[in-house]
1. Assuming A:T72 fulfils every condition listed in (1) within 22 Å of A:Y174 (Cα to Cα); (2) surrounded by fewer than 23 Cβ atoms within 10 Å (Cβ to Cβ); (3) within 14 Å of another protein chain (Cβ to nearest Cβ); (4) polar (S, T, N, Q) apart from one, which condition is it?
2. Give the residues of the stretch A:23-45 that are of a type in the set (V, I, T), buried (at least 17 other Cβ atoms within 10 Å of the Cβ) and farther than 16 Å from A:M70 by Cβ, sorted by residue number.
3. If we scan the stretch A:193-200, do we find a residue that is modelled with pLDDT under 75 and of a type outside the set (F, W, Y)?
4. Among the residues of the stretch A:81-93 satisfying the criterion of being in contact with a strand residue (DSSP E or B) (Cβ under 7 Å, 6 or more places away or on another chain) and in a loop (DSSP other than H, G, I, E, B), which is surrounded by the fewest Cβ atoms within 10 Å (Cβ to Cβ)?
5. Looking at (1) more than 8 Å from chain A (Cβ to nearest Cβ); (2) surrounded by 11 or more Cβ atoms within 10 Å (Cβ to Cβ), which one does B:R89 not meet, given that it meets all the others?
6. Could we say that A:L103 is modelled with pLDDT of 95 or more, in contact with a strand residue (DSSP E or B) (Cβ under 7 Å, 6 or more places away or on another chain), more than 13 Å from chain B (Cβ to nearest Cβ) and surrounded by fewer than 24 Cβ atoms within 10 Å (Cβ to Cβ) here?
7. Going through the stretch A:120-148 one residue at a time, which ones are over 15 Å from A:M199 (Cβ atoms) and in a loop (DSSP other than H, G, I, E, B)?
Amino acid sequence: MPSGQPLIAIPAWNEQDSIGLVISKVREYQPNAAILVVDDGSTDDTASTAAELGAAVVSLPFNVGVGGAMRTAFLYAQRGGFSALVQVDADGQHDPADLDRLLTGLDSADIVVGTRFHPNSMYFVGGPRKWAMVLLSKSLSRMNRSPISDPTSGFRSAGPRAIELFASEYPAEYLGDTVGSLSIAIHNGLLISETPVTMYYRAIGRPSKNALWSALYLGRASLALVATVLKRRNRTRGDLD
Amino acid sequence: MPPNLIAAIASIVIFIFIFDLLRRGVLKEKYAVLWLLIAGVALFFSIFPGLFDSIALFMGVSQPVNLLFFLSSVILVLVTVQFSFELSRNEARIRRLAEEIALLREQNDRNSENNDKH
C-alpha cells in the first residue's frame, strides 16, 4: 500500500438514503482514510448528510456525470497530496470490506480494478450486455500486460501515477469513466491489475433484462471502444514519432 | 415582382439583420462574418443571375437550381458540424469550470471554518 493517507472518493448524485451508510461502513473498514463525497449536482440532502458525517464534500454546481465527478476527485487528490484514491459508489453496491485489497494491490500496480467475475461471484449478465462486456474486456486485455476481466467496474483504486494522469485527463463521455480511463492509463504506460470484489444490487429486474436497452448498451459500448482506440492511435503518433 | 428582386431584397434584409445583431453585440464577429459572406454571395447572384446559370452549365449541371440546392446544403452541413464542434468544446470547458468552482468552494469553506476556530 502506498505510504500516506488514502482518499476514498464517493461520486454521488441524489443518494441521500444510502450515502450515510456507505460513509460509516467505509470509516469502519478504513478508519485512517480521508473520505471525499463528490456531490454531482444533487437536489436532495446528499451533500449535507455527508458533511454531517464528517466527510469532505465537493459540490458540483450541476450534474456532470460520473466522469466529471471523478476528475474532480482526482484533482482533489492531486492537490491534497494523496498517494492513493479508491472510487466507491454511493448507492451501496460496493462492499467496503474489499477496500483493503484494492489498496494493497497498488503495491504492484498503478490501478487495481475490482472485478465482479470470479468463481465466488454472484454477479451474472447475459445477452447483448454480456457480449459488450466481453468485447470491451478482450480489447483492453490485449492492450494491457495482464487481463482485465471487468473493465466497466467502478470499484477501483489508483496510485500516485494514476492520480497524476487522471487529474489532467479523465474522459467524461459515456463509459469514459470506466473503459476510456483504463485505455488512457494503458497508453500512458500504467500497469493495471485486478482483484475480485463483491457487489450488491439494491434492485432486482435490472434494465439489462430489456433487450432494446441491452442492444443500445452494446452499440454505445462499441462506439466508446472505437473512439478510445482511435484516440490512442492518434496520440501515439503525436507523442512517439 | 420579379424573382430576382425578391432574392435581392431577402439578401439585403439578412445583411441588415446580421449587421444589427453584430452592432448590438449579440453576435460574435466570427459568426457574423460567415453569415454576411453568405448573404453577400446570395445578393451578388440575385443581381447577376445569368452568371450563376453559366457557372452551372460550365460545371455540367443541366438545371442551375440543382447546383444552388447542392451548394446551400453543403454550406449548411459544414456550418452545423462547426457548431457541434464548438458546442462540444464549450461543454467540456463549462464542465471543467464547474469542477474548479466545486473544488474552490470546498477549500473556501474549509478556510473559513479554520478562521472561525482561531
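The values are calculated or read from the model by the stated rules, or taken from the named source; none is laboratory data. Since this is a predicted model, take the numbers as computed values, not measurements. Glycine gets a Cβ as well: all are built from the backbone with ideal geometry, and neighbour counts include every protein chain shown.
1. Checking A:T72 against (1) within 22 Å of A:Y174 (Cα to Cα); (2) surrounded by fewer than 23 Cβ atoms within 10 Å (Cβ to Cβ); (3) within 14 Å of another protein chain (Cβ to nearest Cβ); (4) polar (S, T, N, Q), the one that fails is (2).
2. Those that are of a type in the set (V, I, T), buried (at least 17 other Cβ atoms within 10 Å of the Cβ) and farther than 16 Å from A:M70 by Cβ: A:I23, A:V26.
3. No, the stretch A:193-200 contains no residue that is modelled with pLDDT under 75 and of a type outside the set (F, W, Y).
4. Among those that are in contact with a strand residue (DSSP E or B) (Cβ under 7 Å, 6 or more places away or on another chain) and in a loop (DSSP other than H, G, I, E, B), it is A:Q93.
5. (2)
6. yes
7. A:G126, A:N144, A:R145, A:S146, A:P147, A:I148
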